[in-house]
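The values are calculated or read from the model by the stated rules, or taken from the named source; none is laboratory data. Quantities reported herein were computed from a predicted structural model and do not represent experimental measurements. Using ideal geometry, Cβ is built from the backbone for each residue, glycine included, and neighbour counts are taken over all protein chains shown.
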Amino acid sequence: MTTADIRVGTASWTDHEPFYPPEYDKAAMKSQRIAYYARYFSMVEVDSTFYNLQPTRNFELWADRTPADFVFDVKAYGELTWHHRDDQRQMIAPHADTFAKFSEMVQPMRAAGKLGAVLFQFPPWFTFEQDRLSYFETVRGGVSPSLVGRGSARRRDARRAAREPAGVRRGGRAAGRLRFRATGRAADRSTLLDGALPRA
(Lines give C-alpha, C1' and ligand atoms only; values in the text may rest on other atoms or scores of the structure.)
Protein backbone atom coordinates (compact mmCIF):
# COMPACT_ATOMS: atom_id res chain seq x y z
CA MET A 1 0.00 0.00 0.00
CA THR A 2 1.32 3.41 -0.98
CA THR A 3 1.29 6.14 1.62
CA ALA A 4 2.02 9.84 1.37
CA ASP A 5 2.65 12.66 3.79
CA ILE A 6 0.10 15.45 4.10
CA ARG A 7 1.66 18.80 4.82
CA VAL A 8 -0.12 21.84 6.20
CA GLY A 9 1.07 25.41 5.83
CA THR A 10 0.03 28.95 5.01
CA ALA A 11 0.59 31.48 2.25
CA SER A 12 3.46 33.50 3.74
CA TRP A 13 4.53 33.43 7.37
CA THR A 14 4.79 37.21 7.83
CA ASP A 15 1.12 38.23 7.59
CA HIS A 16 -0.29 36.37 10.58
CA GLU A 17 0.43 38.71 13.48
CA PRO A 18 -1.79 37.03 16.13
CA PHE A 19 0.08 33.75 15.65
CA TYR A 20 3.36 35.06 17.03
CA PRO A 21 4.22 35.82 20.67
CA PRO A 22 4.61 39.53 21.49
CA GLU A 23 8.41 39.39 21.49
CA TYR A 24 8.35 38.56 17.77
CA ASP A 25 6.83 41.98 17.08
CA LYS A 26 10.16 43.59 17.87
CA ALA A 27 12.17 44.59 14.82
CA ALA A 28 15.14 42.47 15.87
CA MET A 29 12.98 39.35 16.12
CA LYS A 30 10.88 39.62 12.96
CA SER A 31 13.54 37.88 10.91
CA GLN A 32 13.24 34.91 13.28
CA ARG A 33 9.53 34.42 12.67
CA ILE A 34 10.18 31.68 10.11
CA ALA A 35 11.95 29.61 12.78
CA TYR A 36 8.99 29.97 15.13
CA TYR A 37 6.53 29.21 12.32
CA ALA A 38 8.45 26.04 11.46
CA ARG A 39 7.83 24.64 14.95
CA TYR A 40 4.16 24.19 14.05
CA PHE A 41 4.01 23.85 10.26
CA SER A 42 6.08 21.79 7.84
CA MET A 43 5.65 23.96 4.75
CA VAL A 44 4.91 27.50 3.59
CA GLU A 45 4.33 29.39 0.37
CA VAL A 46 6.69 32.25 -0.42
CA ASP A 47 4.43 34.72 -2.21
CA SER A 48 6.61 37.85 -2.00
CA THR A 49 8.50 36.53 -5.04
CA PHE A 50 5.45 37.29 -7.18
CA TYR A 51 5.95 41.02 -6.60
CA ASN A 52 9.75 41.25 -6.64
CA LEU A 53 12.75 39.04 -7.20
CA GLN A 54 14.27 38.57 -3.76
CA PRO A 55 17.97 38.60 -2.79
CA THR A 56 19.51 35.15 -2.85
CA ARG A 57 20.64 35.76 0.73
CA ASN A 58 17.02 35.65 1.88
CA PHE A 59 16.67 32.10 0.63
CA GLU A 60 19.90 31.09 2.34
CA LEU A 61 18.65 32.43 5.66
CA TRP A 62 15.19 30.88 5.36
CA ALA A 63 16.73 27.50 4.58
CA ASP A 64 19.14 27.81 7.52
CA ARG A 65 16.39 28.75 9.99
CA THR A 66 14.07 25.81 9.26
CA PRO A 67 14.27 22.07 9.98
CA ALA A 68 15.83 19.70 7.47
CA ASP A 69 12.46 18.37 6.27
CA PHE A 70 10.79 21.78 5.89
CA VAL A 71 9.39 22.63 2.43
CA PHE A 72 9.02 26.01 0.72
CA ASP A 73 6.66 26.46 -2.24
CA VAL A 74 7.69 29.53 -4.22
CA LYS A 75 5.38 31.66 -6.31
CA ALA A 76 6.79 32.66 -9.70
CA TYR A 77 7.60 36.30 -10.38
CA GLY A 78 4.72 38.18 -12.05
CA GLU A 79 6.66 38.82 -15.25
CA LEU A 80 6.97 35.06 -15.77
CA THR A 81 3.20 34.61 -15.49
CA TRP A 82 2.30 37.41 -17.92
CA HIS A 83 0.94 39.74 -15.26
CA HIS A 84 3.08 42.64 -16.48
CA ARG A 85 1.48 44.82 -19.15
CA ASP A 86 2.55 47.96 -20.97
CA ASP A 87 0.78 51.33 -21.16
CA GLN A 88 -1.56 49.97 -23.85
CA ARG A 89 -2.50 47.07 -21.55
CA GLN A 90 -0.73 44.60 -23.82
CA MET A 91 1.02 41.69 -22.17
CA ILE A 92 4.80 41.94 -21.95
CA ALA A 93 6.60 38.75 -22.93
CA PRO A 94 8.77 37.36 -20.12
CA HIS A 95 12.48 37.79 -20.71
CA ALA A 96 14.92 34.89 -20.67
CA ASP A 97 17.14 36.79 -18.23
CA THR A 98 14.28 36.82 -15.73
CA PHE A 99 14.07 33.03 -15.81
CA ALA A 100 17.80 32.88 -15.13
CA LYS A 101 17.54 35.34 -12.21
CA PHE A 102 14.57 33.49 -10.72
CA SER A 103 16.39 30.16 -10.91
CA GLU A 104 19.50 31.67 -9.33
CA MET A 105 17.39 33.27 -6.60
CA VAL A 106 15.99 29.96 -5.34
CA GLN A 107 19.25 28.01 -5.76
CA PRO A 108 20.13 28.00 -2.02
CA MET A 109 16.75 26.51 -1.20
CA ARG A 110 17.12 23.94 -3.96
CA ALA A 111 20.59 23.02 -2.71
CA ALA A 112 19.23 22.54 0.82
CA GLY A 113 16.56 20.14 -0.47
CA LYS A 114 13.77 22.39 0.78
CA LEU A 115 12.29 23.62 -2.49
CA GLY A 116 8.85 22.15 -3.13
CA ALA A 117 6.53 23.46 -5.86
CA VAL A 118 7.16 26.46 -8.05
CA LEU A 119 3.74 27.99 -8.60
CA PHE A 120 2.96 29.64 -11.94
CA GLN A 121 -0.41 31.32 -11.41
CA PHE A 122 -1.64 33.04 -14.56
CA PRO A 123 -3.95 36.09 -14.74
CA PRO A 124 -7.49 36.16 -16.18
CA TRP A 125 -6.26 37.88 -19.34
CA PHE A 126 -3.97 34.93 -20.15
CA THR A 127 -6.90 33.33 -21.94
CA PHE A 128 -6.83 30.07 -23.84
CA GLU A 129 -5.18 30.06 -27.24
CA GLN A 130 -3.83 26.90 -28.81
CA ASP A 131 -0.48 28.55 -29.52
CA ARG A 132 -0.16 29.69 -25.95
CA LEU A 133 0.15 26.13 -24.78
CA SER A 134 3.73 26.28 -26.03
CA TYR A 135 4.53 28.69 -23.21
CA PHE A 136 4.26 25.82 -20.74
CA GLU A 137 7.12 24.20 -22.61
CA THR A 138 8.95 27.51 -22.32
CA VAL A 139 8.46 27.32 -18.56
CA ARG A 140 9.95 23.84 -18.52
CA GLY A 141 12.96 25.07 -20.47
CA GLY A 142 13.38 28.29 -18.52
CA VAL A 143 13.87 26.77 -15.08
CA SER A 144 16.10 24.00 -13.86
CA PRO A 145 14.81 20.45 -14.50
CA SER A 146 15.10 19.88 -10.76
CA LEU A 147 12.53 22.64 -10.26
CA VAL A 148 10.14 21.37 -12.88
CA GLY A 149 10.13 17.86 -11.48
CA ARG A 150 8.48 18.99 -8.26
CA GLY A 151 6.86 22.14 -9.54
CA SER A 152 3.34 22.94 -10.60
CA ALA A 153 1.60 25.12 -13.15
CA ARG A 154 -1.80 26.60 -12.40
CA ARG A 155 -4.04 28.96 -14.31
CA ARG A 156 -7.10 30.82 -13.12
CA ASP A 157 -10.35 30.15 -14.91
CA ALA A 158 -10.23 32.67 -17.73
CA ARG A 159 -13.96 32.45 -18.30
CA ARG A 160 -14.42 34.75 -15.32
CA ALA A 161 -12.86 37.62 -17.21
CA ALA A 162 -13.52 39.30 -20.52
CA ARG A 163 -11.20 38.13 -23.26
CA GLU A 164 -8.61 40.73 -24.26
CA PRO A 165 -6.38 41.05 -27.33
CA ALA A 166 -3.32 38.88 -26.95
CA GLY A 167 -0.71 41.38 -28.07
CA VAL A 168 2.85 40.59 -27.15
CA ARG A 169 5.42 43.33 -26.92
CA ARG A 170 8.95 42.55 -28.01
CA GLY A 171 11.56 43.68 -25.53
CA GLY A 172 15.28 43.46 -24.84
CA ARG A 173 18.01 41.99 -27.01
CA ALA A 174 17.04 39.40 -29.60
CA ALA A 175 19.32 36.86 -27.93
CA GLY A 176 17.43 37.26 -24.69
CA ARG A 177 13.92 36.86 -25.96
CA LEU A 178 11.86 33.79 -25.26
CA ARG A 179 11.02 31.35 -27.97
CA PHE A 180 7.26 31.50 -27.81
CA ARG A 181 4.63 31.87 -30.50
CA ALA A 182 1.64 33.96 -29.48
CA THR A 183 -1.36 34.75 -31.65
CA GLY A 184 -2.56 38.34 -31.75
CA ARG A 185 -6.28 38.05 -32.46
CA ALA A 186 -6.76 41.76 -33.20
CA ALA A 187 -4.22 41.67 -36.04
CA ASP A 188 -4.80 37.99 -36.84
CA ARG A 189 -1.11 37.28 -37.00
CA SER A 190 1.60 35.44 -35.07
CA THR A 191 4.74 36.82 -33.53
CA LEU A 192 7.77 34.65 -32.88
CA LEU A 193 10.16 35.73 -30.15
CA ASP A 194 13.50 34.08 -30.85
CA GLY A 195 16.30 33.25 -28.51
CA ALA A 196 17.76 30.46 -26.46
CA LEU A 197 16.51 29.89 -22.95
CA PRO A 198 18.87 29.57 -20.00
CA ARG A 199 19.19 26.29 -18.16
CA ALA A 200 20.27 26.30 -14.54
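Things to note:
- Filter pass, Arg89 being more than 14 Å from Phe50 (Cβ to Cβ), part of a helix (DSSP H, G or I) and basic (Lys, Arg): no
- Among the residues listed as Lys75, Lys101, the single one being basic (Lys, Arg) and closer than 15 Å to Val44 by Cβ: Lys75
- Here no helices (runs of 4 or more DSSP H) wholly within region 100-150 include at least 2 residues being modelled with pLDDT of 80 or more, surrounded by 17 or more Cβ atoms within 10 Å (Cβ to Cβ) and basic (Lys, Arg).
Each row is one residue, and each column tells you yes or no for (1) loosely packed, with under 15 Cβ neighbours inside 10 Å; (2) more than 29 Å from Arg132 (Cβ to Cβ); (3) modelled with pLDDT of 90 or more.
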{"site": "Val8", "(1), (2), (3)": "yes, yes, yes"}
{"site": "Pro21", "(1), (2), (3)": "yes, yes, yes"}
{"site": "Ala28", "(1), (2), (3)": "yes, yes, no"}
{"site": "Ile34", "(1), (2), (3)": "no, yes, yes"}
{"site": "Ala38", "(1), (2), (3)": "no, yes, yes"}
{"site": "Asp64", "(1), (2), (3)": "yes, yes, yes"}
